[in-house]
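The values are calculated or read from the model by the stated rules, or taken from the named source; none is laboratory data. Values in this document were obtained by computation on a predicted structure and should not be read as measured data. Because the Cβ atoms are built from the backbone with ideal geometry, glycine has one as well, and the counts that use them run over all protein chains shown.
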Amino acid sequence: MTKLSVNVNKIATLRNTRNNGIPDVVRLSTIALAAGADGITVHPRPDQRHIRFDDVGELAAVVAGHPGAEYNIEGNPFHGLVEHCARVRPAQATLVPDAHEAPTSNHGWDLAGLGREARSALARAIDDLHAAGCRVSLFVDPVAQVMPLARDLGADRVELYTEPYATAAAAGRAEVCLRDYAQAAQAARDGGLGVNAGHDLNLDNLPAFVRACPVDEVSIGHALIADALELGLAETVRRYKAACATLRDRS
């Protein structure tokens, strides 16, 4: 079954509009895990516009209190991610090539276009994360040719960037787009990599995605937290878990 990691960035974004700690990211992460989430994801950006540095350690303790749950810290390895992971030792570090000013992650690593110096720096970051006990996932576009490059850098998994799929699904063009994702996932598997996915997945487009594309884990934040405003967080997590359990297409 595809695992569900709940990204709590948007909870922190709302909290940061006041100085009273409401909503409580720790409490709501606990509710998500109790409702069946397989893990918690955070993306601590240098400007702390949502997840604050103190949150990283507090949420590590929350996840540690739920046997079997995993903590995933994502971010740019050259903007403090490695240091966060060395401090709290999450199960997984997801490396994202976002710029300081980027409002959200909007593309995967251009592994084929990396120069020698940048490639060496990325490989060193992966080595440092392995030394901290982290499984390392690289955020990539759904391009089959990228997968051997991710493997050669030392990654354990890739996370497929799914905004293009979500856009296609909203326009009624999901099937054509899904072929690229399925091929990319298969190329990753052929190279011995695990496969995650994330960005703009929601209750409408998630079942078709997991049916067509064999992924180990999805990380979902924006849509899940928006749905929780209507359904409540616990019920929302249960519905996303049910969507993750959609039977895969064996044809």
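Filtering region 79-96 to residues that are over 11 Å from ARG45 (Cβ atoms) and at pLDDT below 95 leaves nothing.
Restricting VAL195, VAL136, VAL143, VAL158 to those that are more than 15 Å from the chain's Cα centre (by Cα) and surrounded by 15 or more Cβ atoms within 10 Å (Cβ to Cβ) reduces the list to VAL143.
Against the condition modelled with pLDDT of 95 or more, of a type in the set (A, V, I, L, M, F, W, C), in a loop (DSSP other than H, G, I, E, B) and at negative phi, how does ALA155 come out, does it pass?
On the way: modelled with pLDDT of 95 or more: yes; of a type in the set (A, V, I, L, M, F, W, C): yes; in a loop (DSSP other than H, G, I, E, B): yes; at negative phi: yes.
Yes; evaluated as a whole, the condition is true for this residue.
Does THR94 count as within 19 Å of SER219 (Cβ to Cβ) and polar (S, T, N, Q)? Full working, then the answer.
Working: within 19 Å of SER219 (Cβ to Cβ): yes; polar (S, T, N, Q): yes.
Taking the combined requirement at face value, the residue satisfies it.
The number of residues in region 194-215 being part of a loop (DSSP other than H, G, I, E, B) and either under 14 Å from VAL143 (Cα atoms) or touching an Asp or Glu at 6+ places or on another chain (Cβ under 6 Å) (or both) comes to 3.
Go through VAL146, VAL176 for me and flag whichever is modelled with pLDDT under 95, over 21 Å from ALA243 (Cβ atoms) and part of a helix (DSSP H, G or I). Talk me through it step by step, then tell me what you get.
Values: VAL146 fails: modelled with pLDDT under 95.
On inspection, the qualifying residue turns out to be VAL176.
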